[in-house]
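What follows is one structure encoded as structure tokens, with my remarks underneath.
The values are calculated or read from the model by the stated rules, or taken from the named source; none is laboratory data. For clarity, every value in this text was computed on a predicted model and none was experimentally measured. Counting neighbours? That spans all protein chains shown, and the Cβs are built from the backbone with ideal geometry, glycine included.
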Amino acid sequence: MELPAALYEPTDDGYLATALTIGPWDPGLQHAGPPAALLLREAERASGIDDGQTVRMAFDIFAPVPVGPVHLRSSVVRPGRRIELLEAVLTAADERPLMRLSAWRMRTRTDGPSPEMAAEHPAAAGPEQSRPEDAAFFSEEVAYHRALDWRFATGSFNAPGPASAWTAPRCALVAGEPMTPLQHLLVMTDAASGISAELDWAKATFANVDLLVSLHRPPRGDWLGMDAVTTLGGTGAAQCSAVLFDADGAIGRSAQSLFVEPR
């Protein structure tokens, strides 16, 4: 099976989504992970802190993103030499905002206090000892689930309940350039509610309306992971939360608000 080399191809005025962005709910709509990473890339390109780190990313998903051409714009909401707030917005053909990112960045320091001892690693096993698995609920053979190499330390894509999984990129975010660890983290993290689903994919939808990622340090290395759990509210809402990690340990947390309804 031949896969596209990237999630997006650059165009004269934006980007063209490839089949690797296709989500699980509709073959014409993107999974939110790839556009989240594309928004982060756009925001960091507008940054005025060259040696900074992005510590909080809040994504609002106004509407599903079609698989096709997308456009982005960014702005510096709060400039600063040590701390800044950036915003990036993604639109499609009609220029209607579909996703928005608000991102705080801070200047990187090397003289700050370090933890006295390492915490226990969130994953029960490393990627080499974890189980490879493909998601069975995508309608298309080539779709988002092929963009990453998935290895499950606990749980499963294809069974309900909490799960802990490692991923490594199988493609670039934008053709012609390597995917950074932070971009990889965002391509992955929106799938936290997918690996920890509590409902049958064939009987219910549970798409998220937002994604919040908070990091105490940047991700490192090729393999990143998340330990995720979904909690049903019983009122048509649910929440997914995850601990995010790399080979050296935890790096932060994510949260998603889910809108739940029967198919």
So which of 164, 257, 156 is in a strand (DSSP E or B), hydroxyl-bearing (Ser, Thr, Tyr) and in contact with a helix residue (DSSP H, G or I) (Cβ under 9 Å, 6 or more places away or on another chain)?
164
Residue check: is residue 32 closer than 26 Å to residue 241 by Cα, exposed (fewer than 14 other Cβ atoms within 10 Å of the Cβ) and not polar (S, T, N, Q)?
no
Criterion violated by residue 221 - all others in (1) under 26 Å from residue 121 (Cα atoms); (2) small (Gly, Ala, Ser); (3) free of Cβ contacts under 8 Å to residues at least 60 places away in the same chain; (4) buried (at least 17 other Cβ atoms within 10 Å of the Cβ) satisfied:
(4)
Given the structure, is residue 55 modelled with pLDDT of 95 or more and out of contact with any Lys or Arg (no Cβ under 9 Å at 6 or more places or on another chain)?
no
Long-range neighbours under 6 Å by Cβ, at least six apart or interchain, first residue under 14 Å from residue 32 (Cβ atoms) within segment 230-259, second surrounded by 14 or more Cβ atoms within 10 Å (Cβ to Cβ) and among the β-branched types (Val, Ile, Thr)
240/230; 254/189; 254/213; 257/209; 259/209
Somewhere in segment 63-72, is a residue within 20 Å of the chain's Cα centre (by Cα) and more than 30 Å from residue 141 (Cα to Cα)?
no
Confirm whether residue 13 is in a loop (DSSP other than H, G, I, E, B), over 21 Å from residue 135 (Cα atoms), of a type in the set (Asp, Glu) and in contact (Cβ under 8 Å) with a residue 24 or more places away in the chain.
yes
Return the total of residues in segment 32-51 being assigned to a loop (DSSP other than H, G, I, E, B) and either over 16 Å from residue 174 (Cα atoms) or free of Cβ contacts under 8 Å to residues at least 60 places away in the same chain (or both).
6
Which condition number in (1) part of a strand (DSSP E or B); (2) in contact with a Gly (Cβ under 8 Å, 6 or more places away or on another chain); (3) closer than 22 Å to residue 192 by Cα; (4) not aromatic (Phe, Trp, Tyr) is the one that residue 76 fails?
(3)
Taking interchain pairs and intrachain pairs at least six residues apart, which have beta carbon atoms under 6 angstrom, with the first residue in segment 166-184 and closer than 18 Å to residue 44 by Cα and in contact (Cβ under 8 Å) with a residue 12 or more places away in the chain and the second among the hydroxyl-bearing types (Ser, Thr, Tyr) and crowded, with 17+ Cβ neighbours inside 10 Å?
174/8
Residues of segment 180-205 classified as in a loop (DSSP other than H, G, I, E, B) and surrounded by 22 or more Cβ atoms within 10 Å (Cβ to Cβ), total
4
Hey, does segment 150-159 have a residue that's closer than 16 Å to residue 228 by Cα and loosely packed, with under 13 Cβ neighbours inside 10 Å?
yes
Would you call residue 236 on the phi > 0 side of the Ramachandran plot and either loosely packed, with under 15 Cβ neighbours inside 10 Å or under 13 Å from the mean Cα position of the chain (by Cα) (or both)?
yes
Here the qualifying pairs (Cβ atoms under 6 Å; residues six or more apart or on different chains; first in segment 137-157 and within 22 Å of residue 2 (Cβ to Cβ); second assigned to a loop (DSSP other than H, G, I, E, B) and among the aliphatic types (A, V, I, L, M)) come out as 145/135; 146/3
